[in-house]
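Accompanying notes for the structure given below.
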Amino acid sequence: MTKVTMTVNGKAVSGTVEGRTLLTSFLREDLHLTGTHVGCDTSQCGACVVHVNGKAVKSCTMFAIEADGAEVSTIEGQANEDGSLNAIQAAFQEHHGLQCGFCTPGMVMTAASLLKENPKPTVDEVRNHLEGNLCRCTGYHNIIKAIMAASGQDVSAIAAE
Amino acid sequence: MPKDTGIGAAPKRREDVRFLTGTGQYSDDISLVNQASAVFARSNVANGVIKSIDTTAAAAMPGVLAIFTGEDFVEVGGNPAGWLINSRDGEPMKEPKRPVLAHGKVRHVGDAYAAVIAETVEQAKDAVEAIEADIEELPAVINMKDALAGSNYVHDEIETNQCFDWGWIEDNRAATDEAIKNAHHVTTLDLVNNRLVPNAMEPRCSMANYNAAMNEYTLYTTSQNPHLTRLLISAFVLGIPENKLTVIAPDVGGGFGSKIYHYGEEALVLAAAKKLKRPVKWTSDRTEAFLTDAHGRDHVTTIELAMDKEGNFLAFRTETMANVGAYLSNFSTATPTFLHGTLMAGNYTVPLVYVNVKAVFTNTAPVDAYRGAGRPEATYSIERVIDKAAREIGMDPIELRRKNFVKPDQYPFGSAAGLEYDSGNYDALMDKMEDVADLAGFDARRAASEAKGLLRGRGVNAYIEACGIAPSNLVGILGSRVGLYDASTVRVNATGNISVMVGAHSHGQGHETAFPQIVAELLGVDAASVDIVHGDTSKIPFGMGTYGSRSLAVCGSAIVRATEKIIVKAKKIAAHMLEITDSEVEFNDGVFSAVGTNKTVSFGDVALKAYIPHDFPIDAIEPGLEETAFYDPANFTYPSGAYCCEVEVDPETGKVTVERMTAVDDFGNIVNPMIVTGQVHGGLGQGIGQALLENTVYDETGQLLNASYMDYTMPRADDLPFYAVDHSQGTACTHNPLGVKGCGEAGAIGSPPTVVNAVIDALQSGGNNVTHIDMPVSPLNVWTAIQNA
Ligand code: FES
Ligand code: FES
């Protein structure tokens, strides 16, 4: 067992983990941050996306010990200070970009990193960027629309939700 | 009543806030103090005799608390099929026992034969590796045709591997044969409805707790219908009395059918929790999900369409082999029969329909209802053969459909497949589709594609489905072992807010937002004061759950009925308060008034009075304001639609791109148009996935070759287009109080034939004589078809 220390959503945390403990398990089981989901075992679905040192990573593909000393942020840390939804979260609600909600944390975290790198993406860029995030409920239409809207672009030409 | 929260409004979903902030509570998010973990030992052969299972070494591993094998469940019941189907000769279907853990034989890869309970998941996994199972592999039964020829058996006692041989409508068989023999033109099509894995993004998870002092069990599980799960466990499998078992399905991350069913893992964790007196949790990984969640579709079909000289339909005749896998899952016998055969008249006035379905056991995962369940298979067969027929007789495919549509003045219409359609207007849907899809601009778009060296095709489709499942008396006659009503309790609290307990279960459908809109409309209160309670058998009277696009039509109707009873009772109280008789009370927009006066009391005042009945005439009015209604539908509902798809095909590579996808649906009245549109989008995504990408491939030894997202092609954001969706042409359902029909499955039913029709049209436009390609219409399949044309 190894001790790990990291900052998660702005708070210093620590724990002891096995070498094989995934960052996902550390977040879910040890820190009880269950908003980060596990949808697969082959790094394909993106339900587990978090930010490590500002970059989107699939937390199922990283050992907890690799995040030792890192700044981690998860879906639980995304809302505004006053608890209201941030711009991306609000756009997902406004444009009905979620149904069962299981893929949603990963979608929001992936969208956040996209908009940081590319604040005004095209529809094709959004679709390509979501290559690693599966959603079985929405057919993606409203997810794409929500991300375009969150980037401040006009989405009136995209059919109504 | 505020217009932005009642029926027809599109308030934003209240459940979104917890999902968007990571505070939803899915089953695996719940942990109990002192919980242990279950991991299953699963067969890696498709068919085999269990010679011995030695658990000695595994039991000695660190952290191991208990090990179960099939032996431990010999005394308990099996997981039953919910519908009894009789064969054409009157013989009941073959119904082998489906045990909690395999006993004697394993019958598909992934079939669980043992389970380890340990302190941690890792320890349980390690111990599973140490179980020594001697399983003698037998030849696998995979291909349905070979299975029916019957030299190897899935179940030793079923020597033909045939579950049933069903005919519908058997009395029409001879007349249908005759009509086909004498017809001016007969179009025949052989097709495969490809096997799919539902792939809800949340894997299944079940956790049980046992309270020894009270002899009570609680099961947290990923279910679309917690009451049905409780009923199956109580009445058939473990015999735990219903009043000692609480089933809780908290937030559920999608289902699409796969979470309707009771699975052995649920029974195992209950038994383990009792034995260990500790909570026991099992969470599926994705590989297990591929191997053990009930799959969908998997039909092999020949369909014939007979027409006269003018193109009038005379008969549809269908021969289908339907794969049920290794065991009968709960709805597996209804799906290829009454959810498929009864829809085989489509939207048409065709006078004769005959369907023969042979259900076949194979050494594969069980197959059951997946989004649409039988109706996509029916629609695909009908709408593909019509397209082929149109081409053969040189008629426009839209014209041929219109010529045979049931017309608006023909309702109620008794279809040749035995259903009574209550309402619809298929021509209006087609008109609207032609407009929304801009068919007038198609030629120009085709020319533009051709200028790029690509072929462009246009496919259309008309579908009807039967939803609002289902009238209990009718399904009882047809072999259902349960009733299919639903229930709701409306509880008006003293302070005027309202809890609505519902038997439907939301796993993405937005019930927490849409159902309050109904109550708000009827009571004239703000929807924000109404909360839905679902997913917990200890809090809800009863319910049959959410599937088959039934929640609004059946459970929504129960909500209406319960709310109407609330109004009746509240009027009594108001009359007492206003010192008038019941019949002199009027109720409008949340206010009770005395007819012809300006005396009023508000809904809130009546609610408070109901719980503080100091001056009630107690012989005339009971305290409290709470009512329950069970609603049993009088008929199915019949959503219908007209769809159009435009594809580009690259003749060099065979790659198909969906350029435009239009869905015009008649869902009757609409409660929340935003949610309805989202449901259609999701169905379209899955339907296009079936048409272009998805397939489930077992090799001849029964290994599932694509049991991961590296191998099974899930539709991704860059595979799918934006959709044009319209539901302006609704005709109200005539027999439920909301006039609603159901929208959850439509997209998955209407789109596959539309996409394939478009691909065939594209290839034909390039001079390729291709009349059919089986799904998925992958680049390889298209390219091969072009080469062979
Ligand atoms: S759980 Fe991490 S990619 Fe699927
Ligand atoms: S909303 Fe259910 S998987 Fe995306």
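When the scattering of the protein assembly as shown is computed by the Debye formula from its Cα atoms alone, each counted once and equally, what is log10 I(q)/I(0) at q = 0.04, 0.06, 0.10 Å⁻¹? Log-scaled intensity ratios, in q order: -0.18, -0.42, -1.21.
Here the contact order of chain B, divided by its residue count and restricted to Cα pairs under 8 Å and six or more residues apart, works out to 16 percent. Express the Stokes-Einstein translational diffusion coefficient of the range B:622-774 in µm² s⁻¹, to the nearest whole number, given a Kirkwood radius over alpha-carbon pairs, 4 °C and a viscosity of 1.567 mPa s. D = 72 µm²/s. Take each residue in B:7-20, count the other chain C-beta atoms within 10 Å of its C-beta, and the mean is 5. For B:Arg88, the solvent-accessible surface computed with a 1.4 Å probe is close to 90 Å², ligands and nucleic acids excluded.
Remark: the range B:449-455, residue by residue, has Karplus-estimated 3J(HN,Hα) of 5, 5, 5, 8, x, 10, 9 Hz, where x stands for each Gly or Pro and the curve is 6.51 cos²θ - 1.76 cosθ + 1.60 at θ = phi - 60°.
Spherically averaged projected area of the convex hull of Cα atoms, chain B: 36.1 nm². Averaged per residue, the range A:2-77 has 42 square angstrom of accessible surface, using a 1.4 angstrom probe with ligands and nucleic acids left out.
Given a 1.4 Å probe and every protein chain left where it sits, what share in percent of the accessible area of the range A:2-77 is carbon and sulfur? Walk me through the numbers on the way to the answer.
On the way: 1610 of 3160 Å².
It is 51 percent, rounded to a whole number.
Rg of the Cα atoms in the range B:147-251, relative to 2.2 N^0.38 Å, amounts to 1.82.
Just by accessible area at a 1.4 angstrom probe, what is the order of B:Thr301, B:Thr600 from largest to smallest?
Numbers: B:Thr301 5, B:Thr600 80 Å².
Putting B:Thr301, B:Thr600 in descending order of accessible area: B:Thr600, B:Thr301.
Could you provide, to the nearest whole Å², the per residue accessible area of the range B:522-562 with probe 1.4 Å?
Working: 1010 Å² over 41 residues.
That works out to 25 Å² for each residue.
Each of the peptides B:155-163, B:317-325 was scored by the mean count of other Cβ atoms within 10 Å over its residues; in descending order, highest first, they stand as B:317-325, B:155-163. Remark: the range B:135-192 carries 53 Å² of accessible area per residue (probe radius 1.4 Å; ligands, DNA and RNA excluded).
Counting only Cα atoms, the range A:87-150 measures 28, 22, 17 Å along its principal axes, largest extent leading. Each residue of the range B:581-589 was assigned a 3J(HN,Hα) from its phi angle through the Karplus expression (A = 6.51, B = -1.76, C = 1.60, θ = phi - 60°), giving 7, 3, 6, 8, 8, 10, 10, 9, 6 Hz with x at Gly and Pro. Between the beta carbons of B:Asp718 and B:Asp619, assuming R0 = 56 Å, the FRET efficiency works out to 0.20 to the nearest 0.05.
Hydrodynamic analysis of the range A:2-77 uses the Kirkwood radius over alpha carbon pairs. Inserted into Stokes-Einstein at 4 °C and 1.567 mPa s, it gives a translational diffusion coefficient of 108 µm²/s. What the Cβ-Cβ distance of B:Thr600 and B:Asp285 gives, at R0 = 56 Å and to the nearest 0.05, is a FRET efficiency of 0.40. Rg/Rh for the range B:417-560 (Cα atoms only, Rh after Kirkwood) is 1.17.
Between B:Asp438 and B:Asp171, the modelled label-to-label distance comes to 5.2 nm, taking each label 7 Å out from Cα in the direction of the beta carbon.
In order along the range B:605-614, the Karplus-derived 3J(HN,Hα) couplings, from 6.51 cos²θ - 1.76 cosθ + 1.60 at θ = phi - 60°, round to 5, 5, 4, 4, 4, 4, 9, 10, x, 4 Hz, and Gly and Pro are given as x. Only protein heavy atoms count here; on that basis, with a 1.4 Å probe, B:Arg391 has an accessible area of about 100 Å².
Chains B and A: what accessible area do they bury, summed, in square angstrom to the nearest 100, with a 1.4 Å probe? Write out the running numbers ahead of the final one.
Values: alone 27920 and 8460 Å², together 31980 Å².
Adding both sides of the contact gives about 4400 Å².
Roughly speaking, to the nearest percent, how much of chain B's 1.4 Å accessible area is carbon and sulfur?
Numbers: 12720 of 25760 Å².
Looking at chain B in its full context, I get 49 percent from C and S.
Annotation: aspartates and glutamates with alpha-carbon distance below 16 angstrom to B:Lys275 (same-chain offsets under eight excluded): B:Glu71, B:Asp72, B:Glu75, B:Glu119, B:Glu216, B:Glu265, B:Glu266.
Accessible area per residue (1.4 Å probe, heavy atoms of protein chains only) ranks A:Lys58, B:Lys145 as B:Lys145, A:Lys58, with the largest value leading. Going from the isolated chain to the complete set of protein chains, the range A:93-140 loses at least 50 Å² of heavy-atom accessible area (1.4 Å probe) at A:Gln93, A:His96, A:Leu98, A:Gln99, A:Cys100, A:Phe102, A:Arg127, A:Glu131, A:Leu134, A:Arg136, A:Gly139, A:Tyr140.
For the range B:525-619, GluC sites (Glu not before Pro) are listed when DSSP marks them as loop and at most 10 other Cβ atoms sit within 10 Å of their Cβ; the list is B:Glu579.
With r defined as the distance between the Cβ atoms of A:Asp124 and B:Ile393 and R0 fixed at 60 Å, what FRET efficiency is calculated, to the nearest 0.05?
Numbers: r = 41 Å, r/R0 = 0.69.
The formula returns an efficiency of 0.90 here.
Working note: Debye formula, equal point scatterers on the alpha-carbon atoms of the range B:365-440, no solvent; log10 I(q)/I(0) at q = 0.15, 0.18, 0.20, 0.22 Å⁻¹ is -0.72, -0.98, -1.13, -1.23. Interface residues of the range B:701-719, defined as a loss of at least 20 Å² in heavy-atom accessible area between the chain alone and the complex of all protein chains with a 1.4 Å probe, are B:Tyr709, B:Met710, B:Met714, B:Pro715, B:Arg716, B:Ala717, B:Asp718. The mean number of Cβ atoms from other chains found within 10 Å of a Cβ in peptide A:45-52 is 1, as a whole number. Pairs from the list B:Lys571/B:Lys609; B:Lys97/B:Lys244; B:Lys565/B:Lys741; B:Lys407/B:Lys741 with a Cα-Cα gap above 21 Å: B:Lys97/B:Lys244; B:Lys565/B:Lys741.
Taking Cα atoms only, the orientation of helix A:104-117 departs from the longest principal axis of chain A by about 80 degrees. Surface calculation, 1.4 Å probe, protein heavy atoms: B:Tyr547 sits at approximately 20 Å² accessible. Within the range A:53-69, what residues put their amide N at less than 14 Å from the label point 7 Å along the Cα-to-Cβ vector of B:Ser708? Answer for the range A:53-69: A:61.
The values are calculated or read from the model by the stated rules, or taken from the named source; none is laboratory data. This one's a predicted model, so the numbers in the text were calculated from it and none came from an experiment. Counting neighbours? That spans all protein chains shown, and the Cβs are built from the backbone with ideal geometry, glycine included. Just so you know, the surface numbers come from the protein's heavy atoms only, side chains and all, with ligands and any DNA or RNA stripped out. Shrake-Rupley method; radii C 1.70, N 1.55, O 1.52, S 1.80 Å.
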